[in-house]
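Here's the structure, in structure tokens; my notes come after.
The values are calculated or read from the model by the stated rules, or taken from the named source; none is laboratory data. Predicted, not measured: the structure shown is a model, and the values here were computed from it. All Cβ positions, even for glycine, are placed from backbone atoms using ideal geometry, and neighbour counts span all protein chains on display.
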Amino acid sequence: MTDELFCEPFPNTTWLLPPGFPLFNYQSFYLDTPERFGRMREDGVLRTGVTNGSAPAELPAFAYIHLDYNQTDHDKLFFCDDDQRVLRDIQWLVMRTDSYIVPGLFLVKAFEEELDGLFPERDAVFHHLGRYLFHPTNQVWGLIARYYRAHLASARRVVGIQVRVFPWEAESPEILEQIKTCTQNERLLPAVLDEVEDDEPAVAGAQQPTAVLVTSLKAWYSDKMKEMYWERAAADGRVVVVEQPSHEETQRYNVRSHEHKAWAEVYLLSVADMLVTTGQSTFGYVAQGLGGLKPWVLHHVANGTVGWPCSRDVSMEPCFHVPPQYDCKRREDAGLVVPHVRHCGDLPAGLKLVDRREW
């Protein structure tokens with residue numbers, strides 16, 4: 001599926017492993033794989049330390065690094081300097097992860113000099129990597145370009161709103177109200193008049209509309225916003241147009257057309273002027289990172305009530321959802337080890353990169 005979504009990163013390179021690659025069945029590696037690094041550390045097959053560490057002759061030909069959502073504490077030793085000294089002598093590392101692990105790499109002292117040279121802007125790592133590496137294929141680019149020209153190109157500004165809801169969740173008036181309150185309080189979108197007026201607010205001459213790009217599995221949220229700005233005039237006289245490219249209703253895995261649309265919509269969100277995202281959503285993380293945008297993040301609704309509807313994120317970087325919780329040596333909070341790795345606002349247990357040089 002990768003080669004149907006992304007162009008090859010550089011000339012004469014490929015995302016795909018070549019035929020005849022020496023490791024077989026690597027796609028099936030998981031928790032029960034004997035060569036899993038965390039398992040080998042737990043069982044004492046691999047050891048760290050100057051006196052009793054594993055000798056090069058004792059190292060396996062490869063190690064499987066399991067950093068999926070169900071990783072163990074022993075798997076997280078990957079982010080420790082002593083363990084990296086062992087791993088650097090293993091010829092092949094195969095990694096499985098569903099997380100953005102870069103904040104964890106910035107905790108490894110051995111990587112510090114190299115990462116500082118590559119990424120002097122600590123809060124723009126994903127932005128630069130994404131812009132360099134994630135280029136849509138021609139088919140996906142066609143979806144992006146056609147939609148942009150037809151619906152967004154003529155807008156004065158574009159406000160992206162990413163609503164992450166699961167298929168089993170009913171349409172939520174509370175979330176809709178949260179979106180409205182957030183966008184109006186933060187002056188991203190205008191309020192509407194309380195009553196239907198005979199005369200709209202006076203506007204001098206023709207004006208370009210404000211386009212609202214909504215992405216969601218469900219159409220209900222964009223339909224309600226569209227009704228609001230059609231049935232009632234904006235208080236400041238602006239014209240607001242609400243658009244939604246697709247509403248698949250359910251997430252479909254390994255379905256080509258579904259994956260194409262998802263990637264196209266992430267990219268379209270990234271070209272918005274302002275962005276509102278749902279907390280803890282990787283869809284929103286990728287859009288904000290590609291676009292170099294610090295989004296307004298919708299807080300999760302608890303017990304049907306909404307407190308403060310949204311807050312501005314501290315950086316454009318995605319959140320690492322399942323990071324090591326403690327510093328390897330001193331067992332200190334991992335969010336207090338270096339000034340540029342802090343806890344996430346939308347997931348306090350997570351870690352993210354911020355542009356901060358000092359405490």
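Within the stretch 258-269, is there a residue that is over 18 Å from T2 (Cα atoms) and of a type outside the set (K, R)?
Taking the stretch 258-269 and keeping what is over 18 Å from T2 (Cα atoms), we get 268-269.
Within this subset, residues satisfying the condition of being of a type outside the set (K, R) are 268-269.
Yes, the stretch 258-269 contains a residue that is over 18 Å from T2 (Cα atoms) and of a type outside the set (K, R).
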Q.
Criterion first (crowded, with 18+ Cβ neighbours inside 10 Å, in the same structural domain as E243 (by TED's automatic domain parsing), aliphatic (A, V, I, L, M) and in contact (Cβ under 8 Å) with a residue 24 or more places away in the chain) does V163 satisfy it?
A. yes
(Q) Can you pull out every residue in the stretch 72-83 that is crowded, with 17+ Cβ neighbours inside 10 Å and either in contact with a Cys (Cβ under 6 Å, 6 or more places away or on another chain) or within 21 Å of L353 (Cα to Cα) (or both)? (A) K76, L77, F78, F79, C80
**Q.** Counted residues, the stretch 130-168 - those being in contact with a strand residue (DSSP E or B) (Cβ under 8 Å, 6 or more places away or on another chain), in a loop (DSSP other than H, G, I, E, B) and over 29 Å from E186 (Cα atoms)
**A.** 3
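Can you pull out the residues in the stretch 22-58 that are among the β-branched types (V, I, T) and surrounded by 10 or more Cβ atoms within 10 Å (Cβ to Cβ)?
First, pick out the residues of the stretch 22-58 that are among the β-branched types (V, I, T): 33, 45, 48, 50-51.
Passing the criteria: T33, V45, T48.
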Q. When you go through (1) without any contact (Cβ under 8 Å) to a residue 60 or more places away in the chain; (2) under 14 Å from T278 (Cα atoms); (3) touching a Pro at 6+ places or on another chain (Cβ under 8 Å); (4) not acidic (D, E) one by one for Q184, which number turns out not to apply?
A. (2)
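In the set E317, E332, which member is at pLDDT below 90 and in contact with a strand residue (DSSP E or B) (Cβ under 7 Å, 6 or more places away or on another chain)?
E332
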Q) Tell me, which residue of the stretch 254-297 that is closer than 25 Å to R156 by Cβ and among the acidic types (D, E) is farthest from the chain's Cα centre (by Cα)? A) D273
Q) Does the stretch 56-67 hold any residues that are touching a Phe, Trp or Tyr at 6+ places or on another chain (Cβ under 8 Å) and either part of a loop (DSSP other than H, G, I, E, B) or more than 16 Å from R39 (Cα to Cα) (or both), and which are they? A) A61
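Given F24, F29, F62, which one is touching a Pro at 6+ places or on another chain (Cβ under 9 Å) and farther than 23 Å from L129 by Cβ? Before you say what the answer is, go through the steps one by one.
Working: F24 fails: touching a Pro at 6+ places or on another chain (Cβ under 9 Å); F29 fails: touching a Pro at 6+ places or on another chain (Cβ under 9 Å).
Only one candidate qualifies: F62.
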Q: Read through the list (1) surrounded by 13 or more Cβ atoms within 10 Å (Cβ to Cβ); (2) at pLDDT 95 or above; (3) closer than 25 Å to E317 by Cβ, then give the number of the only condition that L118 fails.
A: (1)
Q) Quick one: what pairs do we get from the stretch 57-74, first residue in the same structural domain as D43 (by TED's automatic domain parsing), second among the basic types (K, R) and exposed (fewer than 14 other Cβ atoms within 10 Å of the Cβ), C-beta under 7 Å, 6+ apart or different chains? A) none
Q | Looking only at the stretch 43-83, and only at residues there that are over 24 Å from L351 (Cα atoms) and under 31 Å from the mean Cα position of the chain (by Cα), the one that is modelled with the highest pLDDT | A | A63
Q) T278 passes all but one of (1) of a type in the set (S, T, N, Q); (2) in contact with a strand residue (DSSP E or B) (Cβ under 6 Å, 6 or more places away or on another chain); (3) closer than 24 Å to G142 by Cβ; which number fails? A) (3)
Q: Could you please let me know if G284 is among the small types (G, A, S), in a helix (DSSP H, G or I), under 13 Å from G160 (Cα atoms) and assigned by TED's automatic domain parsing to the domain that holds N185?
A: yes
(Q) I need a count of the residues in the stretch 3-21 that are under 16 Å from L133 (Cβ atoms) and loosely packed, with under 11 Cβ neighbours inside 10 Å. (A) 5
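Mind checking which residues of the stretch 335-359 are touching a strand residue (DSSP E or B) at 6+ places or on another chain (Cβ under 7 Å) and in contact (Cβ under 8 Å) with a residue 12 or more places away in the chain?
We begin by selecting, within the stretch 335-359, every residue touching a strand residue (DSSP E or B) at 6+ places or on another chain (Cβ under 7 Å); these are 335, 340-346, 350-354.
Those that are touching a strand residue (DSSP E or B) at 6+ places or on another chain (Cβ under 7 Å) and in contact (Cβ under 8 Å) with a residue 12 or more places away in the chain: G335, H340, V341, R342, C344, G345, D346, G350, L351, K352, L353, V354.
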